[in-house]
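Take a look at the structure below.
The values are calculated or read from the model by the stated rules, or taken from the named source; none is laboratory data. Computed from a predicted model, the values in this text were never measured in an experiment. Heads up, the Cβs are rebuilt from the backbone with ideal geometry, glycines too, and the neighbour counts pull from every protein chain shown. Side chains are part of the model used for accessible areas, which takes the heavy atoms of the whole protein and leaves out ligands, DNA and RNA. Shrake-Rupley method; radii C 1.70, N 1.55, O 1.52, S 1.80 Å.
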Amino acid sequence: MTSTITRRVCPEEYSTRLFFLCAITYIIALFGRQSYSSVMAELIASEGFTKSEAGLIGTAFCVVYGVCQVLSGLMGDRFSPRKMILVGVVGSAILNLGMGIVHSYWLMLVLWAVNGVVQSFVWSPVVRIFAEMMPPDQRRKSCSNAAITYPLATVIIYLVASIMLRTAGWRPLFVFSGVLMLIAGAFWNVRMKWYETFTAEHGDMETIELGSQEQQAGGSLIRLMIVSGVIFAVVGALSHGMLRDGIQSWVPTLMTENFHFSTSISVALAIVLPFINISGVFLTKLIARRHIRNELNGSAGFFVVTILSLALLYMVCSKYAVPSLILMTIASTCMVGSNIMLINLMPIHFGAIGRASSVTGVLNCSAYLGSALSSYGIGVVADHFGWSAAVLVWLGFSVFALITALMGSRRWGRYRHDI
């Protein structure tokens, strides 16, 4: 038995411009999230922070951001995406400006934790816009292409950080990020308001038929996750968050300590990771289009390659700089693929029932709790047991994620449908 709903979507001729508005705004918002990790090695080297202290600031952000993702996801299905994103971008801008002027470690910790709250208002509403405002044939493409925003933002912010660390120090990077986000927030508000009005008045009509599985998944968010199989994606999201953000955050410190590179050189080398991750986005899209019909199976495949890479990294991370960087790049790129499967593509299957933002919030929450574990936990493990032990932690979580993805793939295969 099926039921039918109708709604207006952005006209085809304006959909590309709407995508770029969302993508560019999100990239600039990411500057306000990644500014700290890009200078973390410098804070350890020049400000006297221990790895545990420096990691704790990143952990505070990730824990708060992750927990708030569930709330912001629920809010994103009920409130204006435009207003939520505006609050997130402008609020993060102000907090980054604060990071650029404070001198107290504890104030930095508080500011960056609060930054986690406002940053959580950005991504889930973006997914809702893609799932509900984009024309049907543009939704999957938009969510896949949006995966390039994270590595692209990382390349830019790490490149700027590398230059600023050599010329002006770490504080100007936070000021740069804050000013840029204030400008982006103002532009976003004006342009998105126009798209909302235009779509409401002149948008194309879309008719959606809800199947029995989608109707059965109605009700509470927990029921939705169990019926659809999304509950099994939670561990995968947590593990890919540990690896994607953890490797990116700790590469400069690992390269500095194990191979005695300067912090500016280590940060510059860390640009290699997201730069290659960008190519990973296109490779994942190509593989997904031809071979992947089940996102959990696709995620499992990426974790297999990650496990092999980390096993090799365990053997070389204290001996050889170039192989270590290559293997971390492979693992990080595989996590871009897993991110596309779990965070970008799975939630758009729930746009028809108005739960895309909520599912995104839950999965993003898991990913950033993984980031929090990696940001602080890996620092503690590396401080006490060395970097080889830290790699083993990453490896263990990857194996766990592979197992849970395979466990949930059949249930998700019954729920999902081609978009």
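Just to verify a result, which residue in segment 137-169, among those that are polar (S, T, N, Q) and farther than 30 Å from Arg289 by Cβ, is most open to solvent (accessible area, probe 1.4 Å)? If you could, list the steps in order and put the result at the bottom.
Here is the first cut: in segment 137-169, the ones polar (S, T, N, Q) are 138, 142, 144-145, 149, 154, 162, 167.
Now drop any that are not farther than 30 Å from Arg289 by Cβ, which leaves 162, 167.
Values: Ser162: 12, Thr167: 109 Å².
Top of the filtered list is Thr167.
Report yes if Ala45 is open to solvent by less than 50 Å² (accessible area, probe 1.4 Å), over 21 Å from Cys365 (Cα atoms) and in contact (Cβ under 8 Å) with a residue 12 or more places away in the chain, otherwise no. Before the answer, list the steps.
Numbers: open to solvent by less than 50 Å² (accessible area, probe 1.4 Å): no; over 21 Å from Cys365 (Cα atoms): yes; in contact (Cβ under 8 Å) with a residue 12 or more places away in the chain: yes.
When the stated conditions are applied, Ala45 does not pass them.
In the list Thr50, Thr59, Thr25, which residue meets the criterion of being closer than 30 Å to Arg139 by Cα and of a type in the set (Ser, Thr, Tyr)?
Numbers: Thr50 fails: closer than 30 Å to Arg139 by Cα; Thr59 fails: closer than 30 Å to Arg139 by Cα.
One residue alone meets the criteria, Thr25.
Taken as a whole, the condition of being more than 23 Å from Ile183 (Cα to Cα) and either out of contact with any helix residue (DSSP H, G or I) (no Cβ under 7 Å at 6 or more places or on another chain) or not hydroxyl-bearing (Ser, Thr, Tyr) (or both) does not apply to Cys22. Met108 satisfies every condition listed in (1) outside any loop (DSSP other than H, G, I, E, B); (2) touching a residue at least 24 places away in the same chain (Cβ under 8 Å); (3) under 29 Å from Asp77 (Cβ atoms) except (3).
When Phe20 is tested against (1) surrounded by 21 or more Cβ atoms within 10 Å (Cβ to Cβ); (2) under 24 Å from Val122 (Cα atoms); (3) more than 16 Å from the chain's Cα centre (by Cα); (4) hydrophobic (A, V, I, L, M, F, W, C), exactly one condition is not met: (1).
Okay, residues lined up against (1) within 26 Å of Gln138 (Cβ to Cβ); (2) at pLDDT 75 or above; (3) of a type in the set (S, T, N, Q):
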| position | (1), (2), (3) |
| --- | --- |
| Asn189 | yes, yes, yes |
| Phe198 | yes, yes, no |
| Gln213 | yes, no, yes |
| Ile222 | no, yes, no |
| Val227 | no, yes, no |
| Phe232 | no, yes, no |
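Looking across segment 48-63, the residues that are in a helix (DSSP H, G or I) and open to solvent by 40 Å² or more (accessible area, probe 1.4 Å) come down to Glu53, Leu56, Val63.
Of the numbered criteria (1) among the β-branched types (Val, Ile, Thr); (2) farther than 30 Å from Lys285 by Cα; (3) in contact with a Phe, Trp or Tyr (Cβ under 6 Å, 6 or more places away or on another chain), the one Val155 fails is (2). The C-beta contact set for segment 247-261 (first residue closer than 15 Å to Leu43 by Cα, second residue open to solvent by less than 10 Å² (accessible area, probe 1.4 Å) and not in a helix (DSSP H, G or I), distance under 8 angstrom, 6+ apart or interchain) comprises Leu254/Cys317. Exactly one residue among Val70, Val9 is in contact with a strand residue (DSSP E or B) (Cβ under 7 Å, 6 or more places away or on another chain), of a type in the set (A, V, I, L, M, F, W, C) and within 30 Å of Met134 (Cβ to Cβ), and that residue is Val9.
The residue of segment 81-119 that is surrounded by the fewest Cβ atoms within 10 Å (Cβ to Cβ), among those that are hydroxyl-bearing (Ser, Thr, Tyr) and at pLDDT below 90, is Ser104. Could you check, for segment 383-403, whether at least one of its residues is open to solvent by less than 20 Å² (accessible area, probe 1.4 Å), within 20 Å of Leu74 (Cβ to Cβ) and either touching a strand residue (DSSP E or B) at 6+ places or on another chain (Cβ under 8 Å) or in a helix (DSSP H, G or I) (or both)? No, segment 383-403 contains no residue that is open to solvent by less than 20 Å² (accessible area, probe 1.4 Å), within 20 Å of Leu74 (Cβ to Cβ) and either touching a strand residue (DSSP E or B) at 6+ places or on another chain (Cβ under 8 Å) or in a helix (DSSP H, G or I) (or both).
Residues checked against (1) under 18 Å from Pro125 (Cβ atoms); (2) modelled with pLDDT of 80 or more; (3) in a helix (DSSP H, G or I); (4) among the aliphatic types (A, V, I, L, M):
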| site | (1), (2), (3), (4) |
| --- | --- |
| Ile340 | no, yes, yes, yes |
| Leu345 | yes, yes, yes, yes |
| Ala352 | yes, no, yes, yes |
| Val359 | yes, yes, yes, yes |
| Leu363 | yes, yes, yes, yes |
| Ala367 | yes, yes, yes, yes |
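Quick one: in segment 303-337, which of the residues that are crowded, with 23+ Cβ neighbours inside 10 Å and over 14 Å from Trp394 (Cβ atoms) is nearest to the chain's Cα centre (by Cα)? Checking each candidate, the answer is Val336.
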